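Engineer: If you scroll down you'll find the structure; I have some questions about it.
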Amino acid sequence: MIKFAFRFTTLVLLLFTILGYAQDKKKFSSIPNILQKIEPDANVDSWTLVYNNYGKGEEIKISGGKISYTPQFSGFNLFPSEDSFYYIAYSSGGKINYVLDTEALKTFVGKIDNAQEAAIILAADGYMVDEEFKDLAGNYHEDLKNYYLDLGKLTSQECPYQKTHYTVTVNKTTGLVTNVKDNGTYIELYNKKCANNPRLLKVEKKEEPRKDESQKTSKRR
């Protein structure tokens with residue numbers, strides 16, 4: 001009886017722990033802080049994360065010691081339509097290499113070690129942490145098996161400009177995406193030049209004054 005009670009209590013506590021673990025949603029920090037969580041699996045002696053803004057490079061993180069590298073004029077972005085960019089310079093076997101796009105970044109990260117790395121790898125497929133709408137597209141929770149990331153994606157650059165948010169499930173062991181849930185559009189923006197702008201369509205639908213009515217109006221004047 002005592003053994004049964006002990007096992008039952010242990011099972012209940014484990015269940016509550018798992019449920020609490022799964023329900024604990026956390027918002028992602030800023031893009032630089034996310035990138036600083038990278039733990040490369042490749043044979044990397046040291047690496048430097050650089051943020052280039054208006055031609056000026058700022059070293060965000062130095063890991064494994066200072067290295068001598070050549071400033072780069074292109075790089076990767078984890079958020080669409082930004083003028084600035086990031087790049088990574090790293091030393092491996094005495095040679096300096098560079099990470100300049102999201103595919104190379106995916107290779108550099110290697111095996112997923114945390115939720116931040118999962119978000120970084122998904123950037124290669126167009127997903128993003130939307131810092132302006134973290135409640136919808138910039139948070140995550142996890143359980144013992146998976147990461148569940150709420151991320152955004154630019155789904156239309158035409159009129160209207162559109163973003164959609166998804167819940168992406170990433171297996172912790174394999175690093176594979178096992179499920180993608182479409183949560184719908186959360187941004188839809190029109191500009192003045194949009195041919196399908198609803199406001200412009202309403203204006204076009206208004207009937208022009210008839211000729212006879214306009215003539216009557218002019219005679220009265």
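The values are calculated or read from the model by the stated rules, or taken from the named source; none is laboratory data. As the structure is a computational prediction, the values presented were derived from the model and not from experiment. So basically every Cβ, Gly included, is an ideal-geometry build from the backbone, and we count neighbours across all protein chains shown. Just the protein is used for accessible areas: all its heavy atoms, side chains included, with ligands, DNA and RNA removed. Shrake-Rupley method; radii C 1.70, N 1.55, O 1.52, S 1.80 Å.
Engineer: Between beta-carbons, use under 15 Å as the cut-off and find the net charge around residue 75, counting Lys and Arg +1, Asp and Glu -1.
Structural biologist: Here the count lands on -3.
Engineer: Determine the order of 177, 44 by accessible area, beginning with the largest, at a probe radius of 1.4 Å. Intermediate values should be presented prior to the final figure.
Structural biologist: Values: 177 70, 44 30 Å².
Per-residue accessible area, sorted high to low, gives 177, 44.
Engineer: Moving on. Which far-off residues, 5 or more places away or on another chain, put their amide H under 5 Å from the one on residue 28, with H placed in the peptide plane?
Structural biologist: For residue 28, the qualifying residues are 139, 140.
Engineer: Right, something else. Under 15 Å from the Cβ of residue 31, count the other residues' Cβ atoms, weight Lys and Arg +1, Asp and Glu -1, and hand me the total.
Structural biologist: Values: positive: 27, 37, 61, 134; negative: 58, 82, 83, 117, 130, 131, 132.
Around residue 31, the surrounding residues sum to -3.
Engineer: Output the pairs from 95/153; 106/181; 26/172 with a Cα-Cα distance over 25 Å in this structure; if there are none, say none. Intermediate values should be presented prior to the final figure.
Structural biologist: Details: 95/153 36 Å; 106/181 22 Å; 26/172 17 Å.
Those over the limit are 95/153.
Engineer: Given 61/163; 37/111; 56/134; 111/134, which pairs have Cα atoms separated by over 22 Å? Each step should come with its number before you reach the end.
Structural biologist: Numbers: 61/163 30 Å; 37/111 13 Å; 56/134 28 Å; 111/134 25 Å.
In this structure, 61/163; 56/134; 111/134 exceed 22 Å between Cα atoms.
Engineer: Still on this structure, I have one more. Just add up the charged neighbours of residue 174: K/R +1, D/E -1, any other residue whose Cβ is under 11 Å from the Cβ of residue 174. Could the numbers behind the result be given before it?
Structural biologist: Numbers: positive: 111, 145, 172; negative: none.
My count for the surroundings of residue 174 gives +3.
Engineer: Computed FRET efficiency, Cβ-Cβ of residue 196 and residue 84, R0 35 Å: what is it to the nearest 0.05? Let's see the in-between values first.
Structural biologist: Values: r = 31 Å, r/R0 = 0.90.
Efficiency, from the Cβ-Cβ distance: 0.65.
Engineer: Ignoring ligands, DNA and RNA, what percent of the accessible area of the range 150-198 is carbon or sulfur (1.4 Å)? List each step's numbers first, then the result.
Structural biologist: Numbers: 1410 of 2870 Å².
Percent of accessible area from carbon and sulfur atoms in the range 150-198: 49.
Engineer: Which value, in Å², gives the accessible area per residue of the range 26-189 when a 1.4 Å probe is used on the protein heavy atoms? Please list the in-between numbers first.
Structural biologist: Details: 8100 Å² over 164 residues.
Per residue, the range 26-189 has 49 Å² of solvent-accessible surface.
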